[in-house]
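Take a look at the structure set out below.
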Amino acid sequence: MKKLLAALVSGGLIAALAAGHYWVRMERYRGFGAPVFVEIPKGTSSLRIGEMLAQAGVVRHPLLFLAARLARPAARPQAGEYQFSEAATAAAVFARIARGDVYTIEFRVPEGSNVFDIGQLVEHAGFGRANEFVRSALGDEGFLFPSTYHFRRTATGETVRRAMRAQFDKVWEELGAPAGARRELVTLASLVETEAVLEEERVRIAGVYTNRLRKGMKLECDPTVEYAAILDGRWRGVIRKSDLASRNRYNTYQHAGLPPGPVANPGLASLRAALKPQETGDLYFVARPDRSGGHVFSVEYGGHQKAVAAYRNGERQAVQKSQRDRVAAKPGRGAR
């Protein structure tokens, strides 16, 4: 009789273990509709995490998460916010939390973005209002490193500003740049960033601006005119004669030397170009008429005038071709 009872108990235990293995490893469960978020504070016990997951409909029962935890004693749950959108086994849920696969929002800032651009990105990501970011970050213009970041849903514009500023400081230190002329160098880098399209031209453009600064020439950099118009609240998408005539200190058509500060946030390549400009005799450059993104560089003003005329002629031809194409694309009466 005792042998029979022992056999039954043993058999029941084996069955229970087998069933537990099935629920933990095999059953994909989803007790929620829309994706759910579970925030796990630091120091939360495994049993409490199981209860939170069960309440959210991520696992069928708290003990299933605990069983998955016991099956991997060396792994530890990581604090953070997790998003669950699909059915998963208790073992898979535990594996995600043990990896620390927390939910973040990707925040990508292109090189050459200014604080106004970044403010729009902040608002679009749901981290706060654009104008609030601009007010807090305007003094950091040029020192917010453009890159791809990952933030929690609870991030704010201030979170973004601090992260981007910290990354800039890290990059600047790694460059081994001189501390004394940092603002001037970053300002120059911002002009290079906003003018250069082709990677190989950055150092040459930096060389042109360096030459003009040495000679006391006005930089006549179009992006500074745009930035001045933005600051004055009168930017309309294109540079107008009134913009060129503006006495705003950022307008390098009216004032010699560098503007008071950066007009955008430069990336690594432009920072390097500002630190080590190409040695060249060039004093001028203008976009190529083929719209390749490249520029025609000139030492003398006469050569520059010819390059400007070629650019303007190319632009006129491009506009005329676009107009002809639109006319040709319109359906005739016979096509109706």
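Where a number appears in this text, it was derived from the coordinates with a stated rule and is not lab data. If you're wondering where the values come from, they're calculated on a predicted model, not measured in any experiment. Don't worry about glycine lacking a Cβ; one is built from the backbone with ideal geometry, like all the others, and counts go over all protein chains shown.
Once divided by 2.2 N^0.38 Å, the Cα radius of gyration of region 181-241 becomes 1.21. Using a Gaussian network model of the chain in which every pair of alpha carbons under 10 angstrom is joined by a spring, one finds that among R161, R182, R204 the greatest mean-square fluctuation is at R182. Could you work out which residue, out of V36, V122, V109, moves most in a Gaussian network model of the chain, that is, has the largest mean-square fluctuation with Cα springs under 10 Å? Fluctuation is largest for V36.
Quick check: net charge around V203, other residues with Cβ under 12 Å of its Cβ, Lys/Arg +1 and Asp/Glu -1?
Its environment carries a net charge of -1.
Skipping prolines and chain starts, which residues have an amide H placed within reach, meaning under 5 Å, of the one on H150, given they are 5 or more residues away or on another chain? Correct list: F107.
Just to confirm the number: angle between the C-alpha axis of helix 222-231 and the first principal axis of the chain, 0 to 90 degrees, nearest 10? That works out to roughly 60 degrees.
Local charge sum around A75 (other residues, Cβ-Cβ under 10 Å, Lys/Arg +1, Asp/Glu -1)?
So the environment of A75 carries a net charge of +4.
How would region 140-243 be classified by its alpha-carbon gyration tensor: rounded, prolate or oblate, with rounded meaning a/c under 1.5 and the a/b versus b/c comparison settling the rest? Oblate is the answer for region 140-243, as a/c is 1.5 or above yet b/c matches or exceeds a/b. Estimated from helices alone, the mean residue ellipticity of the chain at 222 nm is -16000 deg cm²/dmol (sum of -39500 (n - 2.57) over DSSP H runs with n ≥ 4, per residue). Relative to the globular-protein estimate of 2.2 N^0.38 Å, the Cα radius of gyration of region 104-176 stands at 1.01. Between N265, N251, N131, the residue with the greatest mean-square fluctuation in the GNM of the chain (Cα pairs under 10 Å linked by springs) is N131.
For the pair region 131-177 / region 179-228, the C-alpha centres are spaced 22 Å from each other. As a proxy for reagent exposure, K241, K306 were ordered by neighbouring Cβ count within 10 angstrom, fewest first; the result is K241, K306. Of the Cα atoms belonging to region 23-99, the radius of gyration and Dmax stand at 10.9, 33 Å.
By the count of neighbouring beta-carbon atoms within 10 Å, fewest first, E199, E226 end up ordered E199, E226. If you take every residue apart from E86 with its C-beta less than 12 Å away from the C-beta of E86, what net charge results, scoring Lys and Arg +1 and Asp and Glu -1? With Lys, Arg at +1 and Asp, Glu at -1, the neighbours total +3. Of the three principal axes defined by the Cα atoms of the chain, the extents in descending order read 113, 72, 34 Å. Would you mind checking the tilt of helix 301-329 against the longest principal axis of the Cα atoms of the chain, expressed as 0 to 90 degrees and rounded to 10? Orientation of helix 301-329: about 60 degrees from the principal axis. The ranking of V192, V308, V93 by Cβ neighbour count inside 10 Å, starting from the fewest, reads V308, V93, V192.
About the centre of its Cα atoms, region 23-99 shows a dipole size close to 280 debye [charges on the beta carbon of Lys, Arg (+1) and Asp, Glu (-1) only; nearest 20 debye].
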